[in-house]
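The values are calculated or read from the model by the stated rules, or taken from the named source; none is laboratory data. A quick note: this is a predicted structure, and the numbers were derived from the prediction, not measured. Counting neighbours? That spans all protein chains shown, and the Cβs are built from the backbone with ideal geometry, glycine included. Only protein heavy atoms, including side chains, enter the accessible area calculation; ligands, DNA and RNA are left aside. Shrake-Rupley method; radii C 1.70, N 1.55, O 1.52, S 1.80 Å.
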Amino acid sequence: MSDPASVLHRSLPESVYLLLRRRILNNDFAAGQRLIEANIAEELGVSRSTVREALRQLSVEGLVDISPRRHSIVTRMAYEDIRDACYARFVLEAGAARSVSERSDLIVAMKKVVARMGEAAESGDVARMIDLDTEFHGCIIDASGRHRLGSLWRMLDAQMGALMRSSIDRQHIALDEAVRRHQLLVDIFGVGTIDEIVAAMEEHYLGTVDDMAEAGMLSRGAGTAS
């Protein structure tokens with residue numbers, strides 16, 4: 001658990017939200033675990049209304065499911081929701097990639113983020129990895145210079161924590177594998193045609209999700225047989 005005193009140096013609702021989000025993303029609070037307002041408030045030395053506000057934000061992001069009886073459940077996104085979110089991001093990023101006229105600066109920026117992803121993977125920091133994933137793909141959006149497209153893309157940011165945490169749980173993917181998949185995108189941006197880049201981005205988003213679905217089907221089949 002983090003030191004509750006560190007929370008009090010920020011505005012309370014935001015700091016409590018960030019602390020709980022980090023614990024959920026790093027699986028300190030696992031899927032299905034109850035988060036009880038009174039207990040969290042006592043631990044952190046804050047009011048229950050402050051905790052309630054933080055939990056509402058986590059609910060908007062799809063990380064918790066709020067019960068009317070003053071507790072929340074840590075949740076994971078359904079496969080269909082993950083695929084929808086990944087498809088939306090792919091479509092927007094593919095459009096952005098087609099608008100990038102000069103890739104050299106973009107590749108430098110992407111490489112720097114991947115290096116920091118490697119550090120996060122070594123330390124097992126899932127929450128940090130998720131934030132870096134958003135930064136990595138944001139490099140592509142920003143390089144396009146299409147601000148309205150960027151605004152649409154960033155509307156999906158709030159779901160990325162839930163999406164990646166759910167994907168990691170369902171696929172049992174290691175963090176170093178996540179780093180490798182992003183390095184593959186850097187490589188293809190360096191040498192590929194735009195059609196090859198878009199195909200790699202589609203595989204990055206939708207191929208991974210389809211693999212997850214197949215693994216889930218196999219798992220259900222095995223469970224039935226037993």
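Before moving on, here are some points about what is shown:
- Region 127-149: number of residues that are open to solvent by 50 Å² or more (accessible area, probe 1.4 Å) and either assigned to a helix (DSSP H, G or I) or modelled with pLDDT under 90 (or both): 6
- Scan of region 13-34 for residues that are over 15 Å from Arg165 (Cβ atoms) and open to solvent by less than 60 Å² (accessible area, probe 1.4 Å), ordered by number: Pro13, Ser15, Val16, Tyr17, Leu19
- Residue within region 103-124 that is touching a His at 6+ places or on another chain (Cβ under 7 Å), part of a helix (DSSP H, G or I) and at pLDDT 90 or above present: yes
- Residue in region 100-119 that is hydrophobic (A, V, I, L, M, F, W, C), under 15 Å from the mean Cα position of the chain (by Cα), open to solvent by less than 30 Å² (accessible area, probe 1.4 Å) and under 24 Å from Leu20 (Cα atoms) present: yes
Here is a yes/no grid of residues against (1) at pLDDT 90 or above; (2) surrounded by 14 or more Cβ atoms within 10 Å (Cβ to Cβ); (3) in a helix (DSSP H, G or I):
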| residue | (1), (2), (3) |
| --- | --- |
| Thr50 | yes, yes, yes |
| Gly62 | no, yes, no |
| Arg69 | no, no, no |
| Asp81 | no, yes, yes |
| Cys86 | no, yes, yes |
| Phe90 | yes, yes, yes |
| Ala94 | yes, yes, yes |
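- For the condition in a helix (DSSP H, G or I), closer than 22 Å to Ala85 by Cα and over 11 Å from the mean Cα position of the chain (by Cα), Leu152 qualifies.
- Candidate set from region 155-188 (those that are part of a helix (DSSP H, G or I) and free of Cβ contacts under 8 Å to residues at least 24 places away in the same chain); member that is most open to solvent (accessible area, probe 1.4 Å): Arg180
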